[in-house]
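One structure is given here, and the rest of the page talks about it.
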Amino acid sequence: QVQLVESGGGLVQPGGALRLSCAASGRIFRFAAMGWYRQAPGKQRELVATITSGGRTNYVDFVKGRFTICRDNAKNTVYLKMNSLQPEDTAVYYCNAKLTMGAYWGQGTQVTVSA
């Protein structure tokens, strides 16, 4: 069993920045492919960014150049640094871990971008 706890969400003005954190339990974190997803009201959950166990990253087009995903295996934590936030980035952001035994989700953290 892997438990994921997100933090760092909040209210920010357009053009602002936030850093989300996802702390994972267990020693197997370093083997997990990690990802950040988001779900806006009335919309389906969508992928934002992923990072493999080896550190290779991938981003969806609408966050390229603005968001950065990284991981600290010593702290069992994956981060999402978000710059130049826009109102359309408003959503609940979820952390995901993929392992051979299954996939796991955190409870989500709300990000609201508004003036």
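So how far apart, in nm, are the two label points at R19 and T57 if each is 7 Å from Cα heading toward Cβ?
If labels sit at R19 and T57, their model points lie 1.3 nm apart.
Counting heavy atoms of the protein chains only and a 1.4 Å probe, report the per residue accessible area for the chain as a whole number of Å². Intermediate values should be presented prior to the final figure.
Values: 6200 Å² over 115 residues.
In whole numbers, the chain has 54 Å² accessible per residue.
Projecting each Cα onto the charge dipole of the chain (Lys/Arg +1, Asp/Glu -1 at the beta carbon, about the Cα centre), which of G65, W105, G55 comes out farthest on the positive side?
Highest projection toward the positive end goes to G55.
So which cysteines in the chain don't have a second cysteine's C-beta under 4.7 Å from them?
Taking the Cβ cut-off of 4.7 Å, the unpaired cysteines of the chain are C70.
Students often check this: by mean Cβ neighbours within 10 Å, which of 58-67, 30-39 ranks highest, and how do the rest follow?
Packing order, densest peptide first, comes out as 30-39, 58-67.
Work out Dmax and Rg for the range 1-69 from the C-alpha atoms and quote the Rg first, both in angstrom.
Cα radius of gyration and Dmax of the range 1-69 are 13.3, 38 Å respectively.
Let me check I have the definition right: for the chain, take the eigenvalues of the Cα gyration tensor, multiply each by 5, take square roots. What are those semi-axes in whole Å, largest first?
Working: eigenvalues 109, 38, 32 Å².
Its equivalent ellipsoid spans semi-axes of 23, 14, 13 Å.
The values are calculated or read from the model by the stated rules, or taken from the named source; none is laboratory data. Predicted model, so just to flag it, every value in this text is computed and none were measured. Cβ atoms come from the backbone with ideal geometry, glycine included; neighbour counts cover every protein chain shown. SASA here: full protein model, heavy atoms, side chains in, ligands and nucleic acids out. Shrake-Rupley method; radii C 1.70, N 1.55, O 1.52, S 1.80 Å.
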